[in-house]
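Structure first, then comments.
The values are calculated or read from the model by the stated rules, or taken from the named source; none is laboratory data. Quick caveat, the model's predicted, so the values are computed rather than measured. Neighbour counts are summed over all protein chains in view; Cβ atoms, including those assigned to glycine, are modelled from backbone coordinates with ideal geometry.
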Amino acid sequence: MRFCAASDQAMLVYLGEEIGLPAHERVLKLLRLLQKEPPDWVRNLHPAYTSLLVTFDAGRVGHAEVEATLRKLEQRVTATRRPKSRTVEIPVCYGGEFGPDLEEVARIHGRKTSEVIELHTSRTYHAYFLGFAPGFAYLGDVPREIATPRLETPRKKVPRGSVGIAGRQTAVYPFATPGGWRLIGRTPVAVFRRERKPMELISIGDQVKFRPITREEFRKLESA
Amino acid sequence: MSSLVVESPGLLTTVQDLGRPGFGPIGVSPSGAADPVALRLGNLLVGNEAGAAALEMTLLGGRFVFPEGAAIALTGADFGATINAQPVEMWAAHRLLPGTKLTLGPTRNFARSYLAVAGGVQVAPFLGSASTHLLSGLGGYEGRALRKGDVLQIGSVDKKAPERKVSQTVLYLLKPRRVLRVTEGPQIEQFSEEDKQTFFHGTFRVSEASDRMGLRMEGHALVSNLSGEMITEGLPLGAIQVTASGQPIVLFVEQQTAGGYPKIANVIGVDLHRVGQLRPRVEIRFERTSLAVARSLWIEQERLLNSPGQIFI
């Protein structure tokens with residue numbers, strides 16, 4: 001456990017130094033402990049791959065007290081059982097207008113587009129955390145065979161539902177936002193909906209599978 | 001219930017309150033007023049809770065009609081507000097008769113002006129807040145900036161707003177600054193001495209491409225850490241990240257909640273509301289301070305804002 005003051009009202013807690021399930025589990029457990037018994041000075045929590053950002057009410061506590069409290073909690077992290085995860089299946093129509101970068105990704109790796117789709121749908125991904133935009137889940141790890149760096153120039157607007165790859169991460173864009181990930185497909189399913197409970201389709205710690213669908217299925221699911 | 005009719009929305013006018021902190025785990029940034037101090041003072045002037053919903057206007061104000069009348073206050077930047085061609089005093093509570101038309105124009109000094117109304121602007125809360133989050137189209141009035149013809153519900157006027165204004169001393173203490181005080185960011189050691197010199201002593205210009213998500217800085221590129229690959233982590237409000245092109249960006253109220261660019265510094269709490277008043281093209285500097293100083297300034301400012309007896313005359 002390593003601490004770093006991120007701002008005068010925020011503390012970064014590093015629970016590992018590399019992306020992977022061991023660090024993720026510690027982040028998730030500390031997050032759940034803080035959500036279950038929130039100290040009254042906690043303002044917000046931002047989990048990430050290997051860290052948890054804790055923003056606090058600087059009128060009540062300083063970094064030293066925050067660190068002391070988190071250290072005490074950490075002793076319980078190892079004893080806490082990992083919360084149960086759900087499996088979420090996401091239908092995706094790959095390529096064409098829905099996945100404008102699919103051919104480029106295939107070209108970069110010297111593969112057919114069908115192989116890229118096969119590799120992308122071949123595994124169950126782990127939802128490391130949500131960030132960037134409401135409901136945006138960072139999923140990993142993408143098979144090395146199709147891991148592709150971000151675009152050099154991000155798009156000004158990525159259509160909502162787009163499925164992208166950035167390095168060994170993959171994600172669904174919940175909203176039409178700017179974005180630099182390589183787009184290989186699109187889902188007709190809403191990954192964030194305010195009328196739903198919970199609003200986010202994918203929660204931190206979930207297992208996610210992508211299922212290839214045809215354009216007809218896309219249209220049908222979209223209008224459903 | 002009374003209403004507020006938008007005859008002309010201005011450049012970018014949204015419903016804002018103090019935001020929705022606490023939803024980081026689902027990727028929702030707090031949003032909220034870009035200048036929360038101006039919003040709080042406006043609300044207190046008209047007798048509201050400090051965090052009631054009000055209108056935030058950007059650079060150019062709108063034209064609003066109050067068919068049933070209202071009690072209002074204008075705070076933040078001076079947009080040259082008038083009623084029947086008569087100037088309306090800023091930082092003061094006013095009672096408007098039914099049918100009054102309030103007209104605002106282009107800014108005369110800073111970036112954002114707030115129109116607070118007694119009883120608050122009534123919109124359905126999203127995750128406990130009335131704030132508009134433009135990027136995701138959530139919160140506020142239909143999740144978007146106001147348009148001509150919108151009719152917003154506001155509190156009724158029978159609640160008598162006290163006739164008072166904010167004291168000059170308080171306005172002086174809270175006045176905007178072009179030297180933003182910052183503490184060191186988590187990745188400061190990844191930058192060269194030269195870059196640190198440039199950052200803490202150079203002058204930057206606020207880019208036109210700045211908004212509620214972030215303010216982009218022009219004038220100097222910080223180039224020592226361009227390959228600075230790092231693991232994506234959570235971002236506090238006011239974090240100053242340096243992008244792949246070397247451009248510093250001050251992350252603001254509608255910021256992304258996580259990012260993978262190194263952060264050289266972070267604007268301190270008491271200067272965050274001042275970030276909200278920076279116009280495009282103004283020149284600013286960053287001044288290094290300590291966590292201890294930042295914290296005592298914060299405690300002092302909060303004490304002041306929570307003492308109505310000291311704020312108003």
- Go through the residues of the stretch A:89-100 one by one and say whether even a single one is out of contact with any Lys or Arg (no Cβ under 7 Å at 6 or more places or on another chain), away from chain B (no Cβ under 14 Å), hydroxyl-bearing (S, T, Y) and assigned to a helix (DSSP H, G or I). no
- Residues of the stretch A:37-49 being under 18 Å from the mean Cα position of the chain (by Cα) and not in a loop (DSSP other than H, G, I, E, B), in sequence order, are A:N44, A:L45, A:H46, A:P47
- Item | Residue in the stretch A:117-131 that is at pLDDT below 95, closer than 21 Å to A:A23 by Cα, in contact with a strand residue (DSSP E or B) (Cβ under 6 Å, 6 or more places away or on another chain) and buried (at least 19 other Cβ atoms within 10 Å of the Cβ) present | yes
- Item | Complete set of residues in the stretch B:243-261 that are closer than 24 Å to B:G19 by Cα and either surrounded by fewer than 23 Cβ atoms within 10 Å (Cβ to Cβ) or more than 8 Å from every other protein chain (Cβ to nearest Cβ) (or both) | B:I249, B:V250, B:L251, B:F252, B:V253, B:E254, B:Q255, B:Q256, B:G259
- Item | Count - residues of the stretch B:149-174 that are modelled with pLDDT of 95 or more and under 15 Å from B:S3 (Cβ atoms) | 6
- Task: Could you list, in sequence order, all residues of the stretch A:195-224 that are surrounded by fewer than 16 Cβ atoms within 10 Å (Cβ to Cβ), more than 27 Å from A:S114 (Cβ to Cβ) and either at the interface with chain B (Cβ under 10 Å from one of its Cβ atoms) or modelled with pLDDT of 95 or more (or both)?
- Result: A:P198
- Conditions (1) touching a helix residue (DSSP H, G or I) at 6+ places or on another chain (Cβ under 7 Å); (2) under 23 Å from A:P134 (Cβ atoms); number of the one not met by B:V37: (2)
- Message: Yes or no: the stretch B:291-307 includes at least one residue that is among the aromatic types (F, W, Y), in contact (Cβ under 8 Å) with a residue 12 or more places away in the chain, farther than 29 Å from B:V46 by Cβ and in contact with a helix residue (DSSP H, G or I) (Cβ under 8 Å, 6 or more places away or on another chain).
- Response: no
- Item | Members of the stretch B:270-279 found to be within 14 Å of B:G32 (Cβ to Cβ) and within 12 Å of another protein chain (Cβ to nearest Cβ), listed by number | B:L272
- What is the number of the single condition among (1) out of contact with any Leu (no Cβ under 7 Å at 6 or more places or on another chain); (2) outside the structural domain of A:R150 (by TED's automatic domain parsing) that A:L33 does not meet? (1)
- Message: If I filter the stretch A:1-47 down to residues being more than 7 Å from chain B (Cβ to nearest Cβ) and of a type in the set (D, E), which single residue comes out as nearest to B:L272 (Cα to Cα)?
- Response: A:D40
- Task: With the condition kept exactly as written, say whether any residue in the stretch B:34-53 is in a strand (DSSP E or B), crowded, with 22+ Cβ neighbours inside 10 Å and in contact with a Gly (Cβ under 6 Å, 6 or more places away or on another chain).
- Result: no
- From the list B:I264, B:I240, pick out the single residue that is in a strand (DSSP E or B) and either under 22 Å from the mean Cα position of the chain (by Cα) or surrounded by fewer than 21 Cβ atoms within 10 Å (Cβ to Cβ) (or both). B:I240
- Item | Flag for A:L52 being within 10 Å of chain B (Cβ to nearest Cβ), assigned to a helix (DSSP H, G or I), closer than 25 Å to B:S29 by Cα and in contact (Cβ under 8 Å) with a residue 40 or more places away in the chain | no
- When the stretch A:55-88 is examined, which residues are found to be more than 14 Å from chain B (Cβ to nearest Cβ), part of a loop (DSSP other than H, G, I, E, B) and within 30 Å of A:S122 (Cα to Cα)? A:R81, A:R82, A:K84, A:S85, A:R86
- Message: Under 8 Å between Cβ atoms, which residue pairs at least 6 apart in sequence (or on different chains) link something in the stretch B:16-30 that is at the interface with chain A (Cβ under 7 Å from one of its Cβ atoms) with a partner that is surrounded by fewer than 24 Cβ atoms within 10 Å (Cβ to Cβ) and part of a helix (DSSP H, G or I)?
- Response: B:P25/A:L31; B:P25/A:Q35
- Query: Among the residues of the stretch B:280-290, is any of a type in the set (A, V, I, L, M, F, W, C), surrounded by fewer than 19 Cβ atoms within 10 Å (Cβ to Cβ) and modelled with pLDDT of 95 or more?
  - Reply: yes
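Rundown of residues vs (1) without any contact (Cβ under 8 Å) to a residue 40 or more places away in the chain; (2) in a loop (DSSP other than H, G, I, E, B); (3) within 13 Å of chain A (Cβ to nearest Cβ), yes/no style:
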{"site": "B:F110", "(1), (2), (3)": "no, yes, no"}
{"site": "B:G119", "(1), (2), (3)": "no, yes, no"}
{"site": "B:G140", "(1), (2), (3)": "no, yes, yes"}
{"site": "B:G143", "(1), (2), (3)": "yes, yes, yes"}
{"site": "B:L146", "(1), (2), (3)": "no, yes, no"}
{"site": "B:E163", "(1), (2), (3)": "no, yes, no"}
- Query: Looking only at residues in the stretch B:174-215 that are surrounded by 13 or more Cβ atoms within 10 Å (Cβ to Cβ) and in a helix (DSSP H, G or I), which one is nearest to the other protein chains (Cβ to nearest Cβ)?
  - Reply: B:I188
- Message: Can you find, within the stretch A:118-147, the residue that is nearest to B:M213 (Cα to Cα) among those that are among the β-branched types (V, I, T) and either part of a loop (DSSP other than H, G, I, E, B) or in contact with a helix residue (DSSP H, G or I) (Cβ under 8 Å, 6 or more places away or on another chain) (or both)?
- Response: A:V142
